[in-house]
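Worksheet: the structure to be examined is printed underneath.
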Amino acid sequence: MITLPGSFSMRLLGVGALCVSLLTACPGPGPRPTPYLPPSQLSFTFPTVQDTTDVKLAAVAFVKDEKTGGYQSQVVTFTPLSGPAASSATLFLDGYRLDTWAKNPACTTPFLGGETAGMQEVTVTPNTVRTCNLYFMLFRDANRNGAPESGEVLYETHDLYSYATEAFTYRFVSPDGRSTETGTRTKGWSLVRHQVLQPSATPGRYLVSMNSLPSADERLNIRLHERTDYFTSQGLSLGGGQK
């Protein structure tokens, strides 16, 4: 048995007391740091705009107004066009801003009864999913209030940047019964591509798909075009049964 010198024992006791004191005085673990949320970069093409004065490419959300029950547009982010003429532009979607919109209950609302309102033969799996959509448009901000208004939109697209609380699939038929839409979306944010097919075997009938693209395919150009009917055209004739 080894007996420690008295002075050494006291030093150990002192160190122990100091450790206890420090542990008591130190606060507990603080909040975890916010994880890095990378931005998304999307590229757009459109018919050449010769005069770019006050022209902006914007991502717009439509949020529900609980008082009126209607929807109001809000610009999430935008980039101004520059130069004497332009036919392409890039839009950056900040990751933290996207996270804020995903958590916004005025934007992230039930898909069933929301995006499917007025449709026929609706099936959504799972039917508890909630979504928040961003829409893209090129507009001339004539009154310089920063928001697209009636008569200011130059070009738009039916493609979406969409947030889903969980992965889901769906199907429905348009109100006039001529178009059947199907879609598969991934959990989180994704670029959703709009495509319309007109099978030769069923004249006057259309197949619409709205599917999430793999993240690598977000680098593909998104084409903005003049306003077209959502259920019967994607704004560009591609041939091979596509319209």
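Using every pair of alpha-carbon atoms in the stretch 42-223, split the distances into 10 Å bins beginning at 0 and state the percent of pairs per bin, rounded to integers.
Taking all Cα pairs of the stretch 42-223, the binned fractions are 9, 33, 36, 20, 3 percent.
Over the stretch 42-223, what relative contact order in percent results from Cα pairs under 8 Å that are six or more residues apart?
21 percent
Based on the Cβ-Cβ distance of Thr68 and Lys103, what FRET efficiency does E = 1/(1 + (r/R0)^6) give at R0 = 25 Å, to the nearest 0.05?
Computed FRET efficiency for Thr68 and Lys103: 0.65.
So how do Leu207, Leu197, Leu134 rank on accessible area, 1.4 Å probe, biggest first, that is with the largest at the start?
Leu207, Leu197, Leu134
Could you tell me which of rounded, prolate or oblate describes the stretch 139-243, using a ≥ b ≥ c as the square roots of the eigenvalues of the alpha-carbon gyration tensor, with rounded for a/c under 1.5 and, failing that, prolate when a/b is larger than b/c and oblate otherwise?
oblate
For a paramagnetic label modelled at 7 Å from the Cα of Thr90 toward its Cβ, which residues of the stretch 211-229 fall within the zone defined by backbone nitrogen distances under 20 Å?
So the set is 215-224.
The values are calculated or read from the model by the stated rules, or taken from the named source; none is laboratory data. Not measured: the values here are computed from a predicted model. Note that we place each Cβ from the backbone using ideal geometry, even for glycine, and neighbour counts take in every protein chain shown. Heads up: the accessible areas ignore ligands, DNA and RNA and are worked out on the full protein's heavy atoms, side chains in. Shrake-Rupley method; radii C 1.70, N 1.55, O 1.52, S 1.80 Å.
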